[in-house]
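Undergrad: Quick one: the structure is below, questions incoming.
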Amino acid sequence: NDVDVMDQIGPYLVLSQALQGQKRYEDAEKTDRDLMRRLERRSLQETEEYADALTSLAFNLYFQKRIKGHEGAIEVSYGALAIREHLSGKESEKYAKTEGDLTELLLEVGDDPEGEKHLRHALTVMERLNGAQHPRTAHIAFTLANFLMKAERYSEAEEIYKEVHAAFIFANGRDDPNLVNVHGMIVRCLEAQGKEKEARKFERDNKMWVIC
């Protein structure tokens with residue numbers, strides 16, 4: 001019955017994530033698809049749980065380099081996004097989180113305009129719902145800064161990286177492991193703008209937390 005299927009969703013997703021962690025992406029994909037078939041048999045395609053399964057499947061397809069095309073990671077992720085929009089609207093946290101996941105896939109294949117549009121919307125929603133210094137907001141902001149860095153829009157990227165840096169410290173203190181990547185990107189961003197003195201000062205000020 002439906003209750004039994006819904007009770008199985010958590011274990012299925014945990015198993016898929018565990019297989020993904022072991023880099024057994026094909027087995028993880030099979031687990032996701034099995035869960036989806038069980039939900040489909042109960043006509044539960046328009047549920048948050050089905051969207052969760054689609055999101056998990058999208059990442060497993062991505063790790064197998066099946067990103068574009070029919071039933072590729074991007075198409076599957078758009079499917080999850082459509083369900084989120086139908087159920088909770090574009091201004092919900094679940095929609096914004098799925099939108100952020102989709103953006104990473106779009107940027108991977110170079111769809112920059114579409115990716116930036118989704119990123120900025122997701123960031124706006126997260127800032128409104130959780131505040132600018134919430135870790136979930138910071139993670140989306142970090143993805144946006146990476147996009148801007150890749151596009152050589154260094155001054156914009158620098159500003160956002162520094163906001164992310166402050167957000168992680170505010171949320172978790174200077175022991176936050178996310179700071180390692182943020183520190184590195186700030187230094188690279190400063191160097192790309194010819195700000196060598198500022199880059200070296202930033203390194204000195206944060207040397208206790210930068211791991212090379």
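Only the coordinates and a few stated rules stand behind these numbers; no lab work does. All figures in this text were calculated on a predicted structure; none of them were measured in a lab. Ideal geometry is used to build each Cβ from the backbone, glycine not excepted, and the neighbour counts take in all protein chains shown.
Undergrad: Rounded to the nearest 500, what is the 222 nm mean residue ellipticity of the chain from helices alone, with -39500 (n - 2.57) per DSSP H run of 4+ residues and division by all residues?
TA: Value at 222 nm, helices only: -26000 deg cm²/dmol.
Undergrad: Which lysines have a Cα lying under 22 Å from the Cα of Lys94, excluding residues fewer than 8 positions away in the same chain?
TA: Lys117
Undergrad: How many nm is it between the label spots at Lys117 and Ala171, if each spot is 7 Å from the Cα in line with the beta carbon?
TA: If labels sit at Lys117 and Ala171, their model points lie 2.7 nm apart.
Undergrad: On full extension of the chain, what length is gained from Glu40 through Asn181, given 0.36 nm per residue of separation minus the C-alpha to C-alpha distance?
TA: Answer, rounded to one decimal: 46.7 nm.
Undergrad: Moving on. Output the relative contact order of the range 39-139, whole-number percent, from Cα pairs under 8 angstrom with separation of 6+ residues.
TA: Reported as a whole number, the value is 19 percent.
Undergrad: What length, rounded to one decimal in nm, is gained on full extension from Lys195 through to Thr124, with 0.36 nm per residue of separation minus their alpha-carbon distance?
TA: 22.6 nm
Undergrad: State which stretch of the chain is the longest one without any exposed trypsin sites (Lys or Arg not before Pro), exposure meaning a DSSP loop state and at most 11 other Cβ atoms within 10 Å. Mind dumping the intermediate values first?
TA: On the way: sites that count: Lys23, Lys65, Arg174, Lys207.
Here the longest run is 66-173.
Undergrad: Another question, if that's okay. Are there any GluC sites (Glu not before Pro) in the range 118-212 that are in a DSSP loop and have at most 10 other Cβ atoms within 10 Å? List them by number. Kindly include the intermediate steps, with their values, before the conclusion.
TA: Values: sites: Glu127, Glu152, Glu156, Glu158, Glu159, Glu163, Glu191, Glu196, Glu198, Glu203; in loops: Glu152.
Those satisfying the criteria are Glu152.
Undergrad: Roughly how many debye, to the nearest 20, is the charge dipole of the chain about its Cα centre, given +1 on each Lys and Arg Cβ, -1 on each Asp and Glu Cβ, and no other charges?
TA: Roughly 580 debye, rounded to the nearest 20.
Undergrad: Taking only Cα atoms, what is the 0 to 90° angle, nearest 10, from helix 93-108's long axis to the longest principal axis of the chain?
TA: Between the helix axis and the principal axis of the chain, the angle is about 70 degrees.
Undergrad: Please name which of Leu35, Val187, Ser77 has its Cα lying farthest along the dipole of the chain towards the positive end, using unit charges on Cβ (Lys, Arg +1; Asp, Glu -1) and the Cα centre as origin.
TA: Val187
Undergrad: Further question: Taking 7 Å along the Cα-to-C-beta vector as the label spot, tell me the Lys23-His70 distance in nanometres, rounded to one decimal.
TA: 3.2
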